[in-house]
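**Student:** Dropping a structure here in structure tokens format, bear with me for questions.
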């Protein structure tokens, strides 16, 4: 660098053929810090200038793939970990349904970060000035001329030789472009307090105004179509039936699905004799039983069936389940008590489903066995 | 950037070796096909469906590409349009290749059995469309219409070589504008008749579009292979440059994505709705070894071409583009195999019978190309768009 204040020597050419030739020659001479300007895109110019493919593609690739990974991870986390909900009988991780969203997020991330990368990395936003701005050279090449500019920071730059070289190529004018005083001092301005303050102000303005506009100015009541259905709710009057009752009793002699009446009503002995636990005590069944026991049984019977109620006398404490009497009960008997209630214990048939009650029986068995483990259990 | 106003173009003759190669392939393929027909008639018929649809894809897809160029006023493809015009001559040959299948209609199509239709309410409901008479009418009409459009469009194009009259371009634009909607309807009929009705209980409203995406890929790939082979052996002189190949590659890349988009749309709706009358077609392809082909299809038809064509250099470099074009043609064959074959047998199969028909179809395409090449100038020398097409830059 000969002159710190010199930015470049810029030459103006008359025809596109000349500029293409000039670009090729410049590459041949070994100059690397140069650029070509023309009022419209010139075919074949990237090749004449020996330009390599832009690195911006890698930004797109990296952020596109991150978008895909992020979208998949988020949907997996929501649907499998945080709020597992079976939809349409599909597995929790339903890849086909996730693909459209993943695709959209991939494209969105890739597009946004390509623009952001271009603005902030390549164009160095918020730095908006360029040495060539407002020069006669730039005015000429943005209307009807073609320009080639060789920067002073090029290692091969020598002002006299470059001037000669450009003249030999047939330049009609050669401009000496110099830095402005403030451009010499220029620093990246992305962390400049003024710019950061501007960003914060914009955020402060956009956030609340969006909130106010969407929630107060343009407020739309939430859809309530599903709440306001034309249907007969319980206890409502019906116009359809002559007797005007909205609630109908089942057809004579029928039983609704899942509502088989309990056959051992008031017959604990028969229940204990004939009822057999229909499910196997697998790990998941014991898990289920524990959940139901802890929810419905443990407030009175205690977490381990010791009869140590948590209700502090608001309801009489039941006897322990570990007594010899209750340990001698069959599964069917325990099930009967859960289903029908006993003494002041109410029926739990409406709170706990039939299958779950059987799971509770398994869990109670496990509790009993835990407190009365035999030698064989320990092995 | 200087091109002479008058194109200096001397058409070279194709080597005779190529003709022998084509005849050898046809001979071997036909021998295997006939043998397969005697050993296992139904299986041969299903193979014939794959071959027929493959040839139809290339032929009708090429004609569509030509009409697309006219309607869109594209110039980049003008110097290479003749290759598609030559390939479009496969259309009448395809019609002939379909005839053996009429011997095995009963093996191919469940809906041709009168007693089965009588006992089945769904088939009975579809019988106004799915009956042999109407099927035959559709077949004849479709190919007649296609051949007429092919005949008039290419005749105008060839006449222009000597006169250079702009009038022929105008006529072809008009013909193409009529052809495109006709094509949309007829290609849907073709896909429904010959592939979807193999499983007459199944239906998918997007199926015509699905097959269309395949025809575009097959036609583009076949044209690309021919163009690059001709270019590499100097038949185009120095007329074509990287910009032309890039455009071919970019269009192919677009249709690779289009195919994936359509295929996934079809799958997603069936998977989501989970209706037994739709899903059985998919579950058929998810059992008995077909699941591996289904998974391979995603890789072969989408992942590999997508990655292979993504880089700019891959589309500009004729060698790499040629390899991808061959791959895409192969992928289209796999696609058709996947569409047609699981209907024939519930477990995966591939044997010597399946080799004969692809060999035969390659031979047919090659021979058609050679015969047609002799009668056509490789460059549409009279086309007013030609010079702009040769000067084409990205």
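Coordinate-derived values only; no laboratory data. From a predicted model like this one, the values you see are computed outputs, not experimental measurements. For neighbour counting, all protein chains shown are included, and Cβ atoms are generated from backbone atoms with ideal geometry for every residue, glycine included.
**Student:** Helix B:352-375: angle to the longest alpha-carbon principal axis of chain B, degrees 0 to 90, nearest 10?
**Tutor:** Tilt of helix B:352-375: around 30 degrees.
**Student:** Given 4 °C and 1.567 mPa s, compute D for region B:252-292 with the Stokes-Einstein relation, Rh being the Kirkwood radius over Cα pairs; round to the nearest whole µm²/s.
**Tutor:** Result for D is 115 µm²/s.
**Student:** With viscosity set to 1.002 mPa s and temperature to 20 °C, compute the Stokes-Einstein D of chain A, Rh being the Kirkwood radius across alpha carbon pairs; µm²/s, no decimals.
**Tutor:** On the way: Rh = 31.0 Å.
Answer from the Stokes-Einstein relation: 69 µm²/s.
**Student:** Quickly rank A:257-263, B:282-288, B:109-115, B:73-79 as a protection proxy: mean count of other C-beta atoms within 10 Å, highest first.
**Tutor:** B:73-79, B:109-115, B:282-288, A:257-263
**Student:** Please give the direction-averaged projected area of the C-alpha convex hull for region B:163-249, in square nanometres with one decimal.
**Tutor:** 8.3 nm²
**Student:** Another question, if that's okay. Taking each pair of different alpha-carbon atoms in region B:150-298 once, compute 1/r for the pair, average those values, and report the inverse of that mean as the Kirkwood hydrodynamic radius in Å to one decimal.
**Tutor:** After inverting the mean inverse Cα-Cα distance, the result is 18.7 Å.
**Student:** Where does region A:225-376 land on the Kirkwood hydrodynamic radius, alpha-carbon pairs, in angstrom?
**Tutor:** Taking the inverse mean of 1/r over all distinct Cα pairs, region A:225-376 comes out at 18.1 Å.
**Student:** If eta is 1.002 mPa s and T is 20 °C, what Stokes-Einstein diffusion coefficient results for region A:280-362, Kirkwood Rh from Cα pairs, in µm²/s?
**Tutor:** 165 µm²/s
**Student:** Where a ≥ b ≥ c are the square roots of the eigenvalues of the C-alpha gyration tensor, would you call the protein assembly as shown rounded, which needs a/c under 1.5, or, failing that, prolate if a/b is larger than b/c, or oblate?
**Tutor:** Oblate.
**Student:** Fewest to most neighbouring Cβ within 10 Å: what's the order for B:142, A:102, A:374?
**Tutor:** Going from sparsest to densest Cβ surroundings: A:374, A:102, B:142.
**Student:** Taking only the Cα atoms of region B:303-362, how large is their convex hull per residue, in Å³?
**Tutor:** Values: hull volume 5.6 nm³, N = 60.
Normalising the Cα hull of region B:303-362 by residue number yields 94 Å³.
**Student:** For region A:1-203, what is Rg from Cα atoms divided by 2.2 N^0.38 Å, rounded to two decimals?
**Tutor:** That ratio works out to 1.48.
**Student:** With each pseudo-label sitting 7 Å past Cα toward Cβ, what's the residue B:174-residue B:17 distance in nm, one decimal?
**Tutor:** Reported label-point gap for residue B:174 and residue B:17 is 4.8 nm.
**Student:** Counting pairwise Cα distances across region A:54-162, what percent come out greater than 23 angstrom?
**Tutor:** The proportion of pairs with Cα distances above 23 Å equals 58 percent.
**Student:** Ranking A:145, A:325 by Cβ neighbours within 10 Å, fewest first, what do you get?
**Tutor:** Numbers: A:145 20, A:325 8.
By the 10 Å Cβ count, ascending, the order reads A:325, A:145.
**Student:** Looking at the square roots a ≥ b ≥ c of the eigenvalues of the Cα gyration tensor of region B:233-372, which shape do they give, rounded for a/c under 1.5, prolate if a/b is larger than b/c, or oblate?
**Tutor:** Oblate.
**Student:** Would you please calculate the Kirkwood hydrodynamic radius of region B:1-149 over all C-alpha pairs and express it in Å, rounded to one decimal?
**Tutor:** After inverting the mean inverse Cα-Cα distance, the result is 18.9 Å.
**Student:** Partner chain Cβ atoms within 10 Å, averaged over the residues of A:33-46 - can you pull that number for me?
**Tutor:** 1
**Student:** I'd like the per residue volume of the convex hull spanned by the Cα atoms of region B:16-390, given in cubic angstrom.
**Tutor:** On the way: hull volume 49.2 nm³, N = 375.
Dividing the Cα hull volume of region B:16-390 by its residues yields 131 Å³.
**Student:** Whole Å is fine, so just give me how far the alpha carbon centre of region B:58-100 lies from that of region B:170-208.
**Tutor:** Cα centroid of region B:58-100 versus Cα centroid of region B:170-208: 15 Å apart.
**Student:** Let me know the mean shielding of A:114-124 by other chains, meaning the per-residue number of their Cβ atoms within 10 Å of its Cβ. All intermediate terms of the calculation are to be shown ahead of the outcome.
**Tutor:** Values: counts 0, 0, 0, 0, 0, 0, 0, 0, 0, 0, 0.
Taking all residues of A:114-124 together, the mean is 0.
**Student:** Pairing the Cα long axis of helix B:207-232 with the longest principal axis of chain B, what angle in degrees results, from 0 to 90 and rounded to the nearest 10?
**Tutor:** The answer is roughly 40 degrees.
**Student:** Sticking with this structure for a sec: Taking each residue of B:270-279 in turn, how many C-beta atoms of other protein chains fall within 10 Å of its C-beta, and what is the average?
**Tutor:** The per-residue average across the peptide is 2.
**Student:** Separate question: Given axes a ≥ b ≥ c from the Cα gyration tensor, I'd like to know whether region B:347-394 is rounded (a/c under 1.5), prolate (a/b larger than b/c) or oblate.
**Tutor:** Here region B:347-394 falls in the oblate category.
**Student:** While we're here: What is the Cα radius of gyration of region A:106-167 over 2.2 N^0.38 Å, N being its residue count?
**Tutor:** In units of the 2.2 N^0.38 Å rule of thumb, it is 1.61.
**Student:** State the extension gain, in nm to one decimal, for the chain segment bounded by residue A:218 and residue A:374, taking 0.36 nm per residue of separation less the distance between their alpha-carbons.
**Tutor:** 49.0 nm
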